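Please read the structure below before turning to the comments.
The values are calculated or read from the model by the stated rules, or taken from the named source; none is laboratory data. What you see is a predicted model; the values in this text were computed from it and never measured. Here the Cβ is made from the backbone with ideal geometry for all residues, glycine too, and neighbour counts use every protein chain on show.
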Amino acid sequence: MLAIILSQWYFIVRHERTHAATLFHLKTLEAERKYLEEILNRPEDEQVKILLHHRASLLGRLMIGEISGDYSDNEVVMQEIAELVQDRDVFMRQNRLLYERWQPEMVGRLRESGLTDEEIEVCCLYAMGLNGKTIQQYTQDGRHYQNVGLIRKKLGLGEHDKNIDGYIRSLLK
């Protein structure tokens, strides 16, 4: 009789643990589903899709010219790229949006360090492979090095730590 009671108790406890774990996993999956739906339904995600499509199209057209040896479209593509980067504020905001979706861990680390959107936009230029001098020329920011000093401080980088461009690229996954 005791063996039956113990086996029933074991079954009930095991069943309750399994049931609790299943409920936990279901709740976790439901939360993840809601999170993914929220991400997919953000208005800026449609903008990100358009940006990615446009940039991929430009790159594809350049590759087609290189593969085929027909460079007739390259001048048009280069003009579109020039127009794309001409409005610095728009280009930098678009890059931040792309990096927020493409490299969320990197942008998350930057946000956790207290960086503003504008500072993250500068970091995205470093992530693209630009160096400080080129970024200063592009942004025409006379305070670029002072601003980068503030970014370095927020990131916890000392004067003798690695360059900020190397640090930012090390965050890329």
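Residues are listed down the side, and each one gets a yes or a no for (1) under 30 Å from residue 60 (Cβ atoms); (2) assigned to a helix (DSSP H, G or I); (3) touching a Gly at 6+ places or on another chain (Cβ under 8 Å):
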position	(1), (2), (3)
78	yes, yes, no
81	yes, yes, no
84	yes, yes, no
97	yes, yes, no
105	yes, yes, no
122	yes, yes, no
141	no, no, no
145	no, yes, yes
150	no, yes, no
TODO: Could you give me the residue pairs with C-beta distances under 8 Å whose first residue belongs to the range 110-132 and is more than 19 Å from residue 142 (Cβ to Cβ) and in the same structural domain as residue 100 (by TED's automatic domain parsing), whose second residue is of a type in the set (Gly, Ala, Ser) and surrounded by fewer than 19 Cβ atoms within 10 Å (Cβ to Cβ) wherever it lies, and which are 6+ apart or on separate chains?
DONE: 113/156
TODO: Please work out if residue 81 is without any contact (Cβ under 8 Å) to a residue 40 or more places away in the chain, loosely packed, with under 15 Cβ neighbours inside 10 Å and touching a Leu at 6+ places or on another chain (Cβ under 9 Å).
DONE: yes
- [ ] Run residue 152 past the list (1) surrounded by 16 or more Cβ atoms within 10 Å (Cβ to Cβ); (2) more than 24 Å from the chain's Cα centre (by Cα); (3) basic (Lys, Arg) and report the number of the one that doesn't hold.
- [x] (2)
Open item on the list: Suppose we keep only residues that are assigned to a helix (DSSP H, G or I) and more than 11 Å from the chain's Cα centre (by Cα) within the range 107-120. Which one would you say is surrounded by the fewest Cβ atoms within 10 Å (Cβ to Cβ)?
Closed with: 112
Open item on the list: Which numbered condition in (1) closer than 21 Å to residue 49 by Cβ; (2) out of contact with any helix residue (DSSP H, G or I) (no Cβ under 9 Å at 6 or more places or on another chain) is the only one that residue 112 fails?
Closed with: (1)
